[in-house]
Amino acid sequence: MVRLITHNLLACHAKGCTTNNFPLQFKDVSIELREAEFNPEFLKGFMPRIEWKALVDAARQLGDTTLPSEMPEMVDDEFLKNLHHALLEVHVEEGAMVCPNCNHVYPVSNGIPNMLLAEHEIA
Amino acid sequence: MIPTPDLSHLKKTDYDNVYEPAEDTFLLLDALEEDAEELKAMQPRLCLEVGSGSGCVSSFMGSILGAATSLYLTTDINSFASRCTSRTGTQNKIPIDSVTTSLVSSLLPRIQRAVDVLIFNPPYVPTYTSEAQEAQDGRDIRGAWAGGINGMQVTDMLLEHVEDLLSSNGRFYLVAVKENNISELQQRMRQQYDLESKIVLQRKAGREHLHVIRFSRS
(Lines give C-alpha, C1' and ligand atoms only; values in the text may rest on other atoms or scores of the structure.)
Protein backbone atom coordinates (compact mmCIF):
# COMPACT_ATOMS: atom_id res chain seq x y z
CA MET A 1 0.00 0.00 0.00
CA VAL A 2 1.24 3.47 -0.74
CA ARG A 3 -0.28 5.38 2.09
CA LEU A 4 1.11 8.78 3.00
CA ILE A 5 2.86 7.24 6.00
CA THR A 6 4.95 5.16 3.59
CA HIS A 7 5.32 7.90 0.99
CA ASN A 8 6.85 9.95 3.82
CA LEU A 9 9.65 7.35 4.13
CA LEU A 10 10.58 6.93 0.45
CA ALA A 11 13.35 8.87 -1.28
CA CYS A 12 14.87 8.63 -4.73
CA HIS A 13 18.00 6.44 -4.70
CA ALA A 14 19.09 6.65 -8.33
CA LYS A 15 22.80 6.94 -8.98
CA GLY A 16 24.09 10.43 -8.21
CA CYS A 17 20.74 11.66 -6.93
CA THR A 18 21.48 12.67 -3.35
CA THR A 19 19.97 16.12 -2.84
CA ASN A 20 16.40 17.36 -3.17
CA ASN A 21 15.43 13.69 -3.74
CA PHE A 22 12.60 13.75 -1.19
CA PRO A 23 9.61 13.80 -1.10
CA LEU A 24 8.63 12.13 -4.35
CA GLN A 25 5.87 13.89 -6.27
CA PHE A 26 2.67 12.03 -7.13
CA LYS A 27 1.77 11.86 -10.79
CA ASP A 28 -1.49 10.67 -12.42
CA VAL A 29 -2.55 8.84 -9.28
CA SER A 30 -5.85 7.19 -8.47
CA ILE A 31 -6.67 7.00 -4.80
CA GLU A 32 -8.98 4.95 -2.63
CA LEU A 33 -10.11 5.76 0.87
CA ARG A 34 -10.26 2.87 3.29
CA GLU A 35 -11.13 3.09 6.94
CA ALA A 36 -8.41 2.11 9.42
CA GLU A 37 -8.54 1.52 13.17
CA PHE A 38 -7.82 4.74 15.08
CA ASN A 39 -5.00 4.50 17.63
CA PRO A 40 -3.97 7.89 19.09
CA GLU A 41 -1.00 6.31 20.91
CA PHE A 42 0.41 5.02 17.64
CA LEU A 43 0.04 8.43 16.01
CA LYS A 44 1.74 10.23 18.89
CA GLY A 45 4.54 7.65 18.87
CA PHE A 46 5.06 7.91 15.13
CA MET A 47 4.91 11.71 14.87
CA PRO A 48 8.62 12.28 15.63
CA ARG A 49 9.49 10.14 12.58
CA ILE A 50 7.38 12.20 10.17
CA GLU A 51 8.83 14.85 7.86
CA TRP A 52 5.98 17.23 8.45
CA LYS A 53 6.21 19.50 5.42
CA ALA A 54 6.47 16.51 3.09
CA LEU A 55 3.33 15.03 4.61
CA VAL A 56 1.33 18.25 4.44
CA ASP A 57 2.36 18.88 0.83
CA ALA A 58 1.56 15.30 -0.21
CA ALA A 59 -1.82 15.41 1.52
CA ARG A 60 -2.65 18.71 -0.18
CA GLN A 61 -1.58 17.31 -3.52
CA LEU A 62 -4.17 14.57 -2.97
CA GLY A 63 -6.86 17.07 -1.95
CA ASP A 64 -6.65 16.76 1.84
CA THR A 65 -6.20 20.23 3.36
CA THR A 66 -6.97 19.44 7.00
CA LEU A 67 -3.38 19.37 8.30
CA PRO A 68 -1.75 22.55 9.67
CA SER A 69 1.43 23.82 7.99
CA GLU A 70 3.42 23.45 11.19
CA MET A 71 3.37 20.35 13.38
CA PRO A 72 1.41 21.48 16.44
CA GLU A 73 3.05 21.28 19.86
CA MET A 74 -0.20 20.38 21.57
CA VAL A 75 -2.23 17.66 19.91
CA ASP A 76 -5.98 17.41 20.35
CA ASP A 77 -8.41 14.76 19.23
CA GLU A 78 -9.51 16.61 16.12
CA PHE A 79 -5.92 16.99 14.95
CA LEU A 80 -5.17 13.32 15.62
CA LYS A 81 -8.25 12.24 13.64
CA ASN A 82 -7.13 14.37 10.69
CA LEU A 83 -3.60 12.99 10.96
CA HIS A 84 -4.97 9.45 11.16
CA HIS A 85 -6.97 9.96 7.99
CA ALA A 86 -4.13 11.56 6.02
CA LEU A 87 -1.47 9.04 7.07
CA LEU A 88 -3.40 5.80 7.11
CA GLU A 89 -6.65 5.96 5.17
CA VAL A 90 -5.64 7.47 1.83
CA HIS A 91 -4.33 4.77 -0.47
CA VAL A 92 -2.58 5.57 -3.73
CA GLU A 93 -3.53 2.59 -5.87
CA GLU A 94 -2.18 3.42 -9.33
CA GLY A 95 0.05 6.07 -10.87
CA ALA A 96 3.61 7.08 -10.20
CA MET A 97 5.96 8.95 -7.91
CA VAL A 98 8.52 11.23 -9.51
CA CYS A 99 11.82 12.43 -8.06
CA PRO A 100 11.83 16.24 -7.77
CA ASN A 101 15.57 16.27 -8.53
CA CYS A 102 16.32 13.77 -11.30
CA ASN A 103 12.74 13.12 -12.51
CA HIS A 104 13.13 9.37 -12.10
CA VAL A 105 9.67 7.79 -12.27
CA TYR A 106 8.72 5.10 -9.75
CA PRO A 107 5.48 3.38 -10.78
CA VAL A 108 2.73 2.42 -8.35
CA SER A 109 0.62 -0.58 -9.31
CA ASN A 110 -2.01 -2.38 -7.22
CA GLY A 111 -1.05 -0.06 -4.39
CA ILE A 112 2.59 -1.19 -4.41
CA PRO A 113 5.44 1.18 -5.26
CA ASN A 114 8.18 -0.25 -7.44
CA MET A 115 11.44 1.36 -6.30
CA LEU A 116 13.73 -0.94 -8.29
CA LEU A 117 16.33 0.66 -10.52
CA ALA A 118 17.87 -0.62 -13.71
CA GLU A 119 21.45 -1.84 -13.25
CA HIS A 120 23.02 1.33 -14.71
CA GLU A 121 20.95 3.51 -12.36
CA ILE A 122 22.11 1.85 -9.14
CA ALA A 123 24.50 3.95 -7.06
CA MET B 1 -1.10 -19.28 21.29
CA ILE B 2 -1.06 -16.95 18.33
CA PRO B 3 -2.58 -18.55 15.24
CA THR B 4 -0.38 -19.03 12.17
CA PRO B 5 -1.53 -16.52 9.53
CA ASP B 6 -4.22 -17.63 7.13
CA LEU B 7 -2.54 -18.28 3.78
CA SER B 8 -5.51 -20.00 2.11
CA HIS B 9 -5.71 -17.21 -0.49
CA LEU B 10 -2.27 -18.20 -1.88
CA LYS B 11 -2.36 -20.89 -4.55
CA LYS B 12 0.18 -23.18 -6.11
CA THR B 13 0.68 -20.68 -8.93
CA ASP B 14 1.65 -18.03 -6.36
CA TYR B 15 4.29 -20.38 -4.97
CA ASP B 16 5.76 -20.76 -8.46
CA ASN B 17 6.95 -17.17 -8.02
CA VAL B 18 7.16 -16.67 -4.26
CA TYR B 19 8.87 -18.69 -1.51
CA GLU B 20 6.34 -20.88 0.28
CA PRO B 21 6.56 -20.73 4.09
CA ALA B 22 8.64 -23.65 5.32
CA GLU B 23 10.54 -24.78 8.43
CA ASP B 24 12.69 -21.62 8.47
CA THR B 25 9.59 -19.43 8.38
CA PHE B 26 7.94 -21.39 11.18
CA LEU B 27 11.05 -21.24 13.37
CA LEU B 28 11.01 -17.46 12.99
CA LEU B 29 7.31 -17.35 13.95
CA ASP B 30 8.07 -19.47 17.01
CA ALA B 31 10.91 -17.13 18.02
CA LEU B 32 8.67 -14.08 17.70
CA GLU B 33 5.95 -15.82 19.68
CA GLU B 34 8.41 -16.63 22.49
CA ASP B 35 9.28 -12.92 22.63
CA ALA B 36 5.65 -11.81 22.29
CA GLU B 37 5.30 -10.24 25.75
CA GLU B 38 8.59 -8.34 25.43
CA LEU B 39 7.66 -7.17 21.94
CA LYS B 40 4.29 -5.90 23.14
CA ALA B 41 5.90 -4.09 26.06
CA MET B 42 8.26 -2.29 23.65
CA GLN B 43 5.27 -0.68 21.87
CA PRO B 44 6.99 -0.71 18.50
CA ARG B 45 5.82 1.95 16.04
CA LEU B 46 7.82 0.79 13.03
CA CYS B 47 8.31 -2.87 12.16
CA LEU B 48 10.26 -3.56 8.99
CA GLU B 49 10.59 -6.94 7.36
CA VAL B 50 13.15 -7.26 4.57
CA GLY B 51 12.40 -9.95 1.98
CA SER B 52 8.83 -10.47 3.10
CA GLY B 53 7.93 -13.17 0.53
CA SER B 54 4.46 -14.52 1.24
CA GLY B 55 3.89 -11.95 4.01
CA CYS B 56 3.40 -14.67 6.61
CA VAL B 57 5.89 -13.23 9.13
CA SER B 58 4.72 -9.62 9.09
CA SER B 59 1.10 -10.73 9.36
CA PHE B 60 2.13 -12.75 12.39
CA MET B 61 3.88 -9.69 13.90
CA GLY B 62 0.65 -7.79 13.34
CA SER B 63 -1.30 -10.48 15.20
CA ILE B 64 1.12 -10.29 18.13
CA LEU B 65 1.13 -6.50 18.41
CA GLY B 66 -2.28 -5.51 17.05
CA ALA B 67 -3.24 -4.15 13.63
CA ALA B 68 -3.16 -0.48 14.68
CA THR B 69 -0.16 -0.54 17.04
CA SER B 70 2.65 -0.24 14.53
CA LEU B 71 3.40 0.46 10.90
CA TYR B 72 4.16 -2.86 9.24
CA LEU B 73 6.50 -2.00 6.42
CA THR B 74 7.91 -4.71 4.15
CA THR B 75 10.29 -4.90 1.22
CA ASP B 76 10.98 -7.54 -1.38
CA ILE B 77 13.00 -7.42 -4.60
CA ASN B 78 10.44 -9.73 -6.23
CA SER B 79 7.29 -7.85 -7.20
CA PHE B 80 5.21 -11.04 -7.05
CA ALA B 81 6.26 -11.34 -3.40
CA SER B 82 5.30 -7.72 -2.66
CA ARG B 83 1.84 -8.44 -4.02
CA CYS B 84 1.50 -11.68 -1.98
CA THR B 85 2.64 -9.86 1.16
CA SER B 86 -0.01 -7.23 0.68
CA ARG B 87 -2.72 -9.83 0.01
CA THR B 88 -1.70 -11.85 3.07
CA GLY B 89 -1.99 -8.71 5.19
CA THR B 90 -5.50 -8.09 3.87
CA GLN B 91 -6.49 -11.73 4.40
CA ASN B 92 -5.39 -11.50 8.05
CA LYS B 93 -6.72 -7.97 8.64
CA ILE B 94 -3.25 -6.53 9.18
CA PRO B 95 -2.47 -3.46 7.07
CA ILE B 96 0.94 -4.11 5.53
CA ASP B 97 2.72 -1.43 3.49
CA SER B 98 4.62 -3.46 0.95
CA VAL B 99 7.39 -1.92 -1.18
CA THR B 100 9.23 -3.53 -4.10
CA THR B 101 12.88 -2.72 -3.58
CA SER B 102 16.25 -4.30 -2.83
CA LEU B 103 16.79 -4.67 0.95
CA VAL B 104 16.26 -1.14 2.35
CA SER B 105 17.05 0.89 -0.79
CA SER B 106 14.95 4.09 -1.06
CA LEU B 107 13.98 3.82 2.62
CA LEU B 108 17.38 4.02 4.30
CA PRO B 109 17.80 7.82 4.58
CA ARG B 110 14.39 8.28 6.19
CA ILE B 111 14.37 5.38 8.65
CA GLN B 112 17.73 5.86 10.34
CA ARG B 113 17.47 4.93 14.01
CA ALA B 114 13.72 4.58 13.55
CA VAL B 115 13.13 0.84 13.20
CA ASP B 116 11.88 -0.83 16.38
CA VAL B 117 11.68 -4.37 15.02
CA LEU B 118 13.72 -5.38 11.98
CA ILE B 119 13.23 -8.88 10.57
CA PHE B 120 15.17 -10.69 7.86
CA ASN B 121 14.82 -14.28 6.75
CA PRO B 122 17.49 -14.04 4.06
CA PRO B 123 18.58 -16.29 1.23
CA TYR B 124 20.99 -18.24 3.45
CA VAL B 125 21.81 -21.28 1.31
CA PRO B 126 25.50 -21.40 0.25
CA THR B 127 25.77 -21.23 -3.54
CA TYR B 128 28.24 -19.97 -6.09
CA THR B 129 28.64 -16.18 -5.94
CA SER B 130 27.35 -15.83 -9.49
CA GLU B 131 24.22 -17.80 -8.68
CA ALA B 132 23.32 -15.48 -5.81
CA GLN B 133 24.03 -12.41 -7.93
CA GLU B 134 21.97 -13.68 -10.85
CA ALA B 135 19.14 -14.56 -8.51
CA GLN B 136 19.01 -11.03 -7.09
CA ASP B 137 19.34 -9.50 -10.55
CA GLY B 138 16.56 -11.78 -11.78
CA ARG B 139 14.30 -10.44 -9.02
CA ASP B 140 12.51 -13.76 -8.83
CA ILE B 141 11.99 -16.72 -6.50
CA ARG B 142 15.61 -17.92 -6.74
CA GLY B 143 16.54 -14.82 -4.77
CA ALA B 144 14.69 -16.30 -1.80
CA TRP B 145 17.39 -18.90 -1.14
CA ALA B 146 20.59 -18.44 -3.19
CA GLY B 147 22.99 -16.94 -0.68
CA GLY B 148 26.40 -17.07 -2.37
CA ILE B 149 29.61 -17.71 -0.41
CA ASN B 150 28.80 -19.16 3.03
CA GLY B 151 25.22 -18.19 2.26
CA MET B 152 26.08 -14.69 3.50
CA GLN B 153 26.29 -12.66 0.29
CA VAL B 154 22.88 -10.98 0.62
CA THR B 155 22.77 -11.00 4.43
CA ASP B 156 26.09 -9.14 4.58
CA MET B 157 24.62 -6.30 2.52
CA LEU B 158 21.91 -5.74 5.11
CA LEU B 159 24.20 -6.24 8.12
CA GLU B 160 26.08 -3.09 7.09
CA HIS B 161 22.97 -1.04 7.77
CA VAL B 162 21.46 -2.70 10.83
CA GLU B 163 23.09 -0.38 13.36
CA ASP B 164 21.94 2.67 11.35
CA LEU B 165 18.39 1.39 11.26
CA LEU B 166 17.64 0.26 14.80
CA SER B 167 15.95 2.67 17.19
CA SER B 168 17.44 3.04 20.67
CA ASN B 169 15.69 -0.06 21.99
CA GLY B 170 15.22 -1.64 18.57
CA ARG B 171 15.92 -5.29 17.85
CA PHE B 172 16.77 -7.30 14.79
CA TYR B 173 15.72 -10.90 14.16
CA LEU B 174 17.81 -12.81 11.62
CA VAL B 175 17.39 -16.37 10.38
CA ALA B 176 20.65 -18.19 9.74
CA VAL B 177 22.00 -21.69 9.20
CA LYS B 178 25.11 -23.31 10.60
CA GLU B 179 27.00 -22.80 7.29
CA ASN B 180 26.70 -19.03 7.78
CA ASN B 181 29.34 -19.24 10.57
CA ILE B 182 27.04 -17.89 13.22
CA SER B 183 29.53 -17.27 16.02
CA GLU B 184 31.80 -15.35 13.63
CA LEU B 185 28.79 -13.32 12.51
CA GLN B 186 27.84 -12.50 16.10
CA GLN B 187 31.39 -11.52 16.95
CA ARG B 188 31.66 -9.27 13.90
CA MET B 189 28.43 -7.44 14.77
CA ARG B 190 29.67 -6.90 18.32
CA GLN B 191 33.11 -5.65 17.30
CA GLN B 192 32.11 -3.50 14.34
CA TYR B 193 28.76 -2.15 15.47
CA ASP B 194 28.53 -2.77 19.21
CA LEU B 195 25.44 -4.91 18.69
CA GLU B 196 24.83 -7.69 21.18
CA SER B 197 23.16 -10.88 20.04
CA LYS B 198 21.63 -14.06 21.29
CA ILE B 199 20.49 -17.22 19.57
CA VAL B 200 16.86 -17.30 20.61
CA LEU B 201 15.87 -20.54 18.93
CA GLN B 202 17.48 -23.29 16.89
CA ARG B 203 16.16 -26.41 15.24
CA LYS B 204 17.29 -29.08 12.80
CA ALA B 205 15.06 -29.45 9.78
CA GLY B 206 16.28 -32.04 7.31
CA ARG B 207 19.80 -31.01 6.33
CA GLU B 208 19.42 -27.48 7.66
CA HIS B 209 20.42 -26.48 11.16
CA LEU B 210 18.30 -23.35 11.49
CA HIS B 211 18.85 -20.52 13.98
CA VAL B 212 17.08 -17.32 14.87
CA ILE B 213 19.49 -14.67 16.16
CA ARG B 214 18.28 -11.54 17.93
CA PHE B 215 20.48 -8.42 17.88
CA SER B 216 20.13 -5.28 19.96
CA ARG B 217 22.24 -2.34 21.08
CA SER B 218 24.42 -3.15 24.05
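One table, with the values for the structure above:
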| item | result |
| --- | --- |
| Lysines with Cα under 25 Å of A:Lys15, excluding same-chain neighbours fewer than 8 positions away | A:Lys27 |
| Within the stretch B:197-218, backbone nitrogen closer than 18 Å to the virtual label 7 Å beyond the Cα of B:Ser183 toward Cβ | B:197-203, B:209-214 |
| Highest average packing first - B:95-107, B:169-181, B:30-42, Cβ atoms within 10 Å | B:95-107, B:169-181, B:30-42 |
| Spatially near lysine pairs across the stretch B:27-208, Cα under 25 Å, sequence gap of 8 or more or different chains | 4 |
| Total accessible surface hidden between A and B, rounded to 100 Å², 1.4 Å probe | 2400 |
| Cβ neighbours within 10 Å from other chains - mean over A:5-17 | 4 |
| Rounded tilt (10° steps) of A:52-61 against the dominant C-alpha axis of chain A | 80 |
| About the Cα centre, charge dipole magnitude for the protein assembly as shown (Lys/Arg +1, Asp/Glu -1 at Cβ), debye | 300 |
| Heavy atoms of B:Arg83 accessible to a 1.4 Å probe, total area in Å² rounded to 10 | 90 |
| Calculated from backbone phi, Karplus (6.51, -1.76, 1.60) coupling profile of the stretch B:103-108 in Hz, x at Gly/Pro | 6, 10, 4, 6, 9, 3 |
| With all protein chains modelled, accessible area of A:Glu37 [1.4 Å, Å²] | 120 |
| Accessible area of the stretch B:162-218 divided out per residue, in Å², using a probe of 1.4 angstrom | 50 |
| Inter-part distance where the stretch B:48-81 and the stretch A:21-50 are each reduced to a Cα centre, Å | 17 |
| About the Cα centre, charge dipole magnitude for chain B (Lys/Arg +1, Asp/Glu -1 at Cβ), debye | 300 |
| The stretch A:2-121, accessible area per residue, ligands and nucleic acids excluded (1.4 Å, Å²) | 48 |
| Heavy-atom SASA rank of B:Asp76, B:Asp194 (probe 1.4 Å, accessible area, largest first) | B:Asp194, B:Asp76 |
| Fraction of antiparallel bridges per DSSP, the stretch B:27-208 only, in percent to nearest 5 | 5 |
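The values are calculated or read from the model by the stated rules, or taken from the named source; none is laboratory data. Fair warning: this is a prediction, and the values are worked out from it, not measured in the lab. So basically every Cβ, Gly included, is an ideal-geometry build from the backbone, and we count neighbours across all protein chains shown. Note: areas computed on protein heavy atoms with side chains; ligands, DNA, RNA excluded. Shrake-Rupley method; radii C 1.70, N 1.55, O 1.52, S 1.80 Å.
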